[in-house]
Amino acid sequence: MLTKMKIALALCGSLLVGGVGIAAAQGMGSGGGKGAAMQKYDVNGDGKLDDSEKAALRADMKAKHAEMKQKMLAKYDANKDGKLDASERAVMKNERAELAFKKLDADGNGSISLDEFKAGKSFARAGHRHGHKHGRGGFGPGAAGRGQP
């Protein structure tokens, strides 16, 4: 039961990251945020989202979520059973770790110097981790208690 919960949380987390990436690419993240969403979904221009406008926002986010899930499954679901098993999740996590490593390894020499590590830590702290701002993850104090090494 706990393993299924972990799988569900891992899947939801990856989909959330993907959804935030799409939102950022469409101008809803990185500074646009609430203002861009209001501009797009506040059809009647009253400065707040009524129930129908919120429903439109939810429908768009649900569609983007489903699209990201399909892309993730298309890329990582090797046995095509519609879900990621442990080995498929391991491949996905490894690919993402390699990408994170490459971002930190500024000079591309295959190792991370202290300066590169500090630069990456500063970048993550500034809210640029995966294109969104939140307090989860990173390299800071207490990160070990949140699943970080």
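Observations on the structure shown:
- The mean of 1/r over all distinct Cα pairs in the range 40-90, once inverted, gives the Kirkwood hydrodynamic radius of 13.2 Å.
- Stokes-Einstein D for the range 85-130, Kirkwood Rh over Cα pairs, 10 °C, 1.306 mPa s (µm²/s): 137 µm²/s
- Rounded to whole Hz, the Karplus (6.51, -1.76, 1.60) HN-Hα couplings of the range 99-104, x for glycine and proline: 5, 4, 4, 4, 5, 6
- For the set Lys54/Lys103; Lys75/Lys103; Lys93/Lys118; Lys69/Lys102; Lys69/Lys103, the pairs lying more than 30 angstrom apart at their alpha carbons are Lys54/Lys103.
- What the phi angles of the range 42-48 give under the Karplus curve with 6.51, -1.76 and 1.60, with θ = phi - 60°, is a coupling list of 7, 4, 7, x, 8, x, 8 Hz, glycine and proline written as x.
- Spin-label model, Asp81/Lys34: points 7 Å from Cα along the beta carbon direction are separated by 4.4 nm.
- Extension gain, Arg96 back to Lys48 (0.36 nm per residue minus Cα-Cα distance, nm): 13.5 nm
- For the range 105-119, Karplus couplings with θ = phi - 60° (6.51, -1.76, 1.60), whole Hz, Gly/Pro x: 7, 4, 8, x, 8, x, 9, 9, 7, 4, 5, 5, 4, 4, 4
Each reported figure results from applying straightforward, stated rules to the coordinates on display, with no laboratory input. Worth saying up front: this structure is predicted, and the values here are computed from it rather than measured. With ideal geometry, Cβ positions are generated from the backbone for all residues, glycine too; neighbour counts draw on all protein chains shown.
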